[in-house]
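Structure first, commentary second.
The values are calculated or read from the model by the stated rules, or taken from the named source; none is laboratory data. Only a predicted model underlies this, so the values are computations on that prediction, with no experimental measurement involved. Reconstructed Cβ throughout: ideal geometry from the backbone, glycine too, with neighbour counts over all protein chains shown. Please note that ligands, DNA and RNA were not included when accessible areas were found on the heavy atoms of the full protein model with its side chains. Shrake-Rupley method; radii C 1.70, N 1.55, O 1.52, S 1.80 Å.
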Amino acid sequence: MTTFVPDQQHSASHLRVFLTFVMLLAPVAVAQAQEPTVSKSQLTSQSVAVVSLRPKQMLTNPKNALLPIEVAEAAGEKYLGLDIAHITRAVAVIEPPLGMNMYYAVYLEADEPWDLDQLSPELKAHTEPGEIAGRACLVSREPSAPCFMVLKQTTLVAASQGMLEKLLAADRQPADSVLAELVEKHSADDDLYVAVDLEALRPFINMGLMQASQDAPPEARNFLNIPLLLQSAELTATLDGSIPSRLAFHTSNDSDAAQVEGMLEEAVDLAKANMRGELARLQTSDDPVERAMAAYSERVMGVYMDMFVPKREGTTFVLFDTSEGNAQMGAVAVTGILVALLLPAVTAAREAARRNSSMNNLKMLELALLNYESANRAYPAHAIYSKEGKPLLSWRVAILPYLEEQPLYEQFHLDEPWDSPHNKKLIAQMPSVFSSPNSSLDPSLGKSNYLAPIGKGMVFENEDRQIPLRQITDGTSNTVNLLEVNDETAVEWTKPADWKYDEEDPTKGLTGVRPGVFLAGFCDGHVAAIAEYIDEETFKALLSRNGGEVVQVP
């Protein structure tokens with residue numbers, strides 16, 4: 001089976017909208033509500049992480065006057081049809097991904113009824129009315145995008161279909177897991193509560209540590225075992241300090257706790273030794289300021305080490321706790337953690353937007369190619385050739401009339417090469433559809449990130465030959481004819497140069513644009529994100545138009 005990430009043109013867009021709204025909830029999570037933090041009924045036995053936010057009282061709390069209240073209120077009205085001041089709690093629950101399927105749920109609890117009809121068209125464009133487990137809801141047509149259901153009048157849930165089916169299953173048993181135990185024990189009215197089952201995530205953590213161990217200095221590699229000894233983690237935080245904030249990690253037994261404590265002590269000793277080595281240099285400096293800095297650093301080194309080294313309490317290690325009077329440190333730590341939580345979400349939202357935009361570019365190019373084929377009974381050759389058989393201009397110039405760029409097309413001298421004195425002036429007029437939103441290249445260079453794979457047996461062959469659709473016998477939905485490449489591989493858009501398959505490095509020039517995948521356009525017009533580690537033979541089969549290979553595309 002082909003190693004694919006599903007086509008996410010629509011799902012990325014809607015996830016981006018939904019993620020943006022969830023991010024807006026994060027900085028307003030300072031309510032002092034009296035309900036339990038999270039209900040066990042909101043979890044499944046496979047849940048590995050939960051995040052609880054309390055937005056409501058933020059909008060009337062004078063201490064939060066500098067937060068973007070107006071933006072949050074506008075976002076609530078625009079996307080949810082409800083003022084955020086009415087949302088008492090937001091809870092996100094996540095399971096590990098299973099293959100290509102995502103399992104997550106976000107509960108939004110309010111003090112007034114929800115109405116699915118009030119959700120913005122942009123938010124629910126990927127859905128259609130339907131039922132799940134016999135209950136009416138908006139069912140997503142995209143596997144990764146959320147379905148929407150009003151569980152009860154004042155609770156809206158946005159969840160992947162698989163997760164929603166689990167939550168509504170008639171034979172569902174109460175969650176029985178490390179995460180469920182943490183949630184059941186916690187009842188404080190925090191602004192933010194995060195709980196993670198590290199034990200359940202251990203296979204994923206181990207994969208990351210294997211990579212990290214290759215880059216870590218030998219003396220520090222033993223410390224990478226610490227995460228493998230931790231069972232869970234909890235963060236409780238309030239921005240105004242009315243309730244103590246605390247970040248703690250738990251082990252499952254005293255033996256693991258003793259190992260962690262020993263490794264932490266070794267790590268502190270190693271850090272102090274390294275710092276003393278640097279201080280020794282400063283202490284012998286001829287510069288009195290450097291000597292003073294050494295004296296100061298030596299005096300406060302122990303204080304700062306003690307401040308940021310986790311303190312053991314039985315099987316728990318506390319990284320910080322503002323109940324001990326470290327209010328200033330706690331405020332800094334809470335702010336830092338909130339930023340750390342939000343930055344990945346911001347990055348993911350931005351990447352989703354860029355990916356969606358790039359996929360739209362590829363779809364427009366695919367549509368132009370199909371319209372060219374319909375009008376000319378064949379795809380364009382990879383280049384516009386001279387009478388003598390010399391490639392002059394790229395296929396990208398040939399499809400300009402099908403991109404509503406007829407005036408630009410008419411400016412080209414089609415009997416001259418791309419870098420002739422006349423044609424060279426047109427490079428800077430590259431249409432934006434040929435540029436990836438991920439590109440950092442200067443637009444005036446006129447370099448395109450969308451290239452055609454060229455070679456024998458492909459849709460674009462490296463000769464003056466036009467391929468009709470009927471010769472794509474492997475099937476148009478199974479044949480790749482466009483690729484998004486990185487900036488190093490991009491070419492001047494008018495130049496008759498494209499991407500060639502490299503037997504030694506099959507994905508050369510395709511990686512590094514976006515995390516873990518590259519984008520490919522297919523002859524039927526659809527676009528998919530393909531995993532960088534795709535099997536070599538499978539990739540070759542997708543590039544060929546008539547190889548006869550059997551390729552299953554999700």
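Could you pull out the trypsin sites (Lys or Arg not before Pro) across the stretch 377-456 that fall in loop regions by DSSP (anything but H, G, I, E, B) with no more than 15 other Cβ atoms inside 10 Å? Walk me through the numbers on the way to the answer.
Details: sites: Arg377, Lys387, Arg396, Lys424, Lys425, Lys447, Lys456; in loops: Arg377, Lys387, Lys456.
Filter output for the stretch 377-456: Arg377, Lys387, Lys456.
Working note: Cα atoms of the stretch 506-554, range along each principal axis, descending, whole Å: 31, 23, 18. Extension gain for the segment Asp269 to Asn462, taken as residue separation times 0.36 nm less the Cα-Cα distance, is 63.2 nm to one decimal. The residues of the stretch 242-323 expose on average 58 square angstrom of accessible surface per residue, using a 1.4 Å probe on protein heavy atoms. Checking the cross-link pairs Lys390/Lys425; Lys390/Lys500; Lys56/Lys311 against a 25 Å limit on the alpha carbon distance flags Lys56/Lys311 as lying beyond it.
Restricting the stretch 504-546 to trypsin sites (Lys or Arg not before Pro) that sit in a DSSP loop and have at most 16 other Cβ atoms within 10 Å of their own Cβ leaves Lys508.
So, with a 1.4 angstrom probe, what is the percent of accessible area on the stretch 179-246 that is carbon and sulfur? Intermediate values should be presented prior to the final figure.
Numbers: 1900 of 3310 Å².
It is 57 percent, rounded to a whole number.
In the stretch 99-138, what percent of the accessible surface is made up of carbon and sulfur (1.4 Å probe, ligands and nucleic acids excluded)?
On the stretch 99-138, the fraction of accessible area on carbon and sulfur atoms equals 50 percent.
Accessible area ranking (1.4 Å probe, heavy atoms, ligands and nucleic acids excluded), largest first, for Val93, Val513: Val513, Val93.
Under 20 Å from a point placed 7 Å out from the Cα of Gln411 along the Cα-to-Cβ direction: which residues of the stretch 424-447 have their backbone N that close? 424-436, 442-447, by backbone N distance to the label point. What the Cα atoms of the stretch 362-429 give is an Rg and a Dmax of 12.1, 34 Å.
Diffusion coefficient (Stokes-Einstein, Kirkwood radius over C-alpha pairs, 10 °C, 1.306 mPa s) for the stretch 87-244: 86 µm²/s, rounded to a whole number. Consider all pairwise Cα distances in the stretch 399-482 and report the whole-number % of them above 21 Å. Distances greater than 21 Å cover 47 percent of the Cα pairs.
What the stretch 439-554 shows is 42 Å² of accessible area per residue, with the surface traced by a 1.4 Å probe over protein heavy atoms.
What are the semi-axes of the equivalent ellipsoid of the stretch 439-554, taken as the square roots of 5 times the eigenvalues of the Cα gyration tensor, listed largest first and rounded to whole Å? It would help to have the intermediate numbers written out before the result.
Numbers: eigenvalues 104, 60, 30 Å².
So the three semi-axes of the stretch 439-554 are 23, 17, 12 Å.
Averaged per residue, the stretch 86-219 has 49 square angstrom of accessible surface, using a 1.4 angstrom probe with ligands and nucleic acids left out.
Site pair Ala353 and Ser39 shows an inter-label distance of 3.5 nm when each label is modelled 7 Å from Cα along Cα→Cβ.
Quick check: the distance between the Cα centres of the stretch 525-547 and the stretch 139-218, to the nearest angstrom? Each part reduced to its Cα centre gives a spacing of 33 Å.
Considering only Cα atoms, the convex hull volume of the stretch 121-173 works out to 80 Å³ per residue.
State the antiparallel share, in %, of DSSP beta bridges confined to the stretch 411-542, rounding to the nearest 5. Please list the in-between numbers first.
Values: 13 of 16 bridges.
In the stretch 411-542, approximately 80 percent of DSSP beta bridges are antiparallel ones.
Computed over protein heavy atoms with a 1.4 Å probe, the carbon and sulfur contribution to the accessible area of the stretch 353-420 reaches 47%.
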